[in-house]
Amino acid sequence: MVRSLRKKIFIGYGIALALMIVVFVWALVHLLDLGEASDAILRENYKSILAAENMVYAIERQDSATLLLFLGYEEQGWKQFRENESLFFQWLARAKDNITIEGEERIVSTIEKEYSVYLHHISGLLPVSKSNLQKSAAFYHETILPSFISVRNACIRLREINQETMFKASERARRVAQRAIWSVVII
């Protein structure tokens, strides 16, 4: 009878221990999966956010360069413009290589198209800027500025959809983690 009682206690503890090990392994596997999935999403979206931020920076510097051109600092203005044009294209290429969410490809395509229009308008700046300041100011205000704003807004939209996706991924991860915690507690 003593042996039978020991055997029952040992089996009871063994089952409890086995159950705890199963719960621990289950929780560990799911939490590791959650961490990897969240990390991948955040990393990919961060790349797109970085690209968008740098494109905004580059086009804003180009806008500053156009103002230098109006003020008569042509060499410095064109140098700054071309350097930032190169920078813009580098970040645009990174954004094109990192399309990961719905709608992102359309926005990147819009950025590329609108930037081409912007560059076309800038090429028309030189003849106008040589003629007179008033015509140059009107050309900038009516043609270049709206094109600049269009490109800048598209870049900002790219950043925003990636930030929204990161936020949603974070919320999903939080919910999955809560479910994992509750399931472990219940089990």
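The values are calculated or read from the model by the stated rules, or taken from the named source; none is laboratory data. None of the values given here were measured: they were computed from a predicted structure. A quick note on method: Cβ atoms are made from the backbone with ideal geometry, for glycine too, and the neighbour counts reach across all protein chains shown. Please note that ligands, DNA and RNA were not included when accessible areas were found on the heavy atoms of the full protein model with its side chains. Shrake-Rupley method; radii C 1.70, N 1.55, O 1.52, S 1.80 Å.
Some observations on this one:
- Exposure ranking of His120, His30 by accessible area [1.4 Å probe, largest first]: His120, His30
- At a probe radius of 1.4 angstrom, the accessible area of the chain per residue rounds to 65 square angstrom.
- Charge-dipole axis of the chain as Lys and Arg at +1 and Asp and Glu at -1 on Cβ define it, positive-most pick from Gly103, Gly12, Tyr115: Gly12
- Taking GluC sites (Glu not before Pro) across segment 1-102, the ones in a DSSP loop with at most 15 further Cβ atoms lying within 10 angstrom of their Cβ are Glu102.
- Net +/- balance of residues flanking Ser48 in space, Cβ distance below 9 Å, scoring K and R +1, D and E -1: +1
- Between segment 75-92 and segment 137-187, the alpha-carbon center distance in angstrom: 26
- Summed residue charge, Cβ within 14 Å of Glu171's Cβ, Lys/Arg positive, Asp/Glu negative: +4
- Of the accessible area of segment 89-187, computed with a 1.4 Å probe over protein heavy atoms only, carbon and sulfur atoms account for 57 percent.
- Restricting the chymotrypsin sites (Phe, Trp or Tyr not before Pro) of segment 1-95 to loop positions (DSSP other than H, G, I, E, B) with no more than 14 neighbouring Cβ atoms within 10 Å leaves Tyr73.
- Note on Lys135: accessible area approximately 120 square angstrom, rounded to 10, probe 1.4 Å, nucleic acids and ligands left out.
- At R0 = 45 Å, FRET efficiency that the Cβ-Cβ distance of Glu60 and His30 yields, to 0.05: 0.50
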